[in-house]
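Student: If you scroll down you'll find the structure; I have some questions about it.
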Amino acid sequence: DFKGEVPGASPKDCGNYLDMNLGMANYLAKKYLDEVLTDISEDQLVYPE
């Protein structure tokens with residue numbers, strides 16, 4: 001639910017500042033939550049062989 005300027009997202013603070021996209025980060029976090037973590041099953045907790 002963070003809104004506002006991303007801390008450290010400036011050229012003087014971080015060499016990868018152009019990769020800091022709060023809107024996309026929120027989208028991907030919600031997608032991961034909805035598709036992977038919600039209703040997680042035992043099958044998802046085991047590494048494939």
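The values are calculated or read from the model by the stated rules, or taken from the named source; none is laboratory data. As the structure is a computational prediction, the values presented were derived from the model and not from experiment. Here the Cβ is made from the backbone with ideal geometry for all residues, glycine too, and neighbour counts use every protein chain on show.
Student: List pairs: first in the range 16-37 and on the phi < 0 side of the Ramachandran plot, second of a type in the set (A, V, I, L, M, F, W, C) and at pLDDT below 90, Cβ under 6 Å, 6+ apart or cross-chain?
Tutor: Pairs that qualify, where the first residue is on the phi < 0 side of the Ramachandran plot and the partner is of a type in the set (A, V, I, L, M, F, W, C) and at pLDDT below 90, are Tyr17/Ala9; Met20/Val6; Met20/Ala9; Leu22/Val6.
Student: Still on this structure, I have one more. Of the residues Leu33, Leu18, only one is aliphatic (A, V, I, L, M), loosely packed, with under 10 Cβ neighbours inside 10 Å, assigned to a helix (DSSP H, G or I) and out of contact with any helix residue (DSSP H, G or I) (no Cβ under 6 Å at 6 or more places or on another chain); which?
Tutor: So the residue among Leu33, Leu18 that is aliphatic (A, V, I, L, M), loosely packed, with under 10 Cβ neighbours inside 10 Å, assigned to a helix (DSSP H, G or I) and out of contact with any helix residue (DSSP H, G or I) (no Cβ under 6 Å at 6 or more places or on another chain) is Leu18.
Student: Given the structure, is Asp13 outside any helix (DSSP H, G or I), over 13 Å from the mean Cα position of the chain (by Cα) and either at pLDDT 90 or above or not small (Gly, Ala, Ser) (or both)?
Tutor: Numbers: outside any helix (DSSP H, G or I): yes; over 13 Å from the mean Cα position of the chain (by Cα): yes; either at pLDDT 90 or above or not small (Gly, Ala, Ser) (or both): yes.
It is true that Asp13 is outside any helix (DSSP H, G or I), over 13 Å from the mean Cα position of the chain (by Cα) and either at pLDDT 90 or above or not small (Gly, Ala, Ser) (or both).
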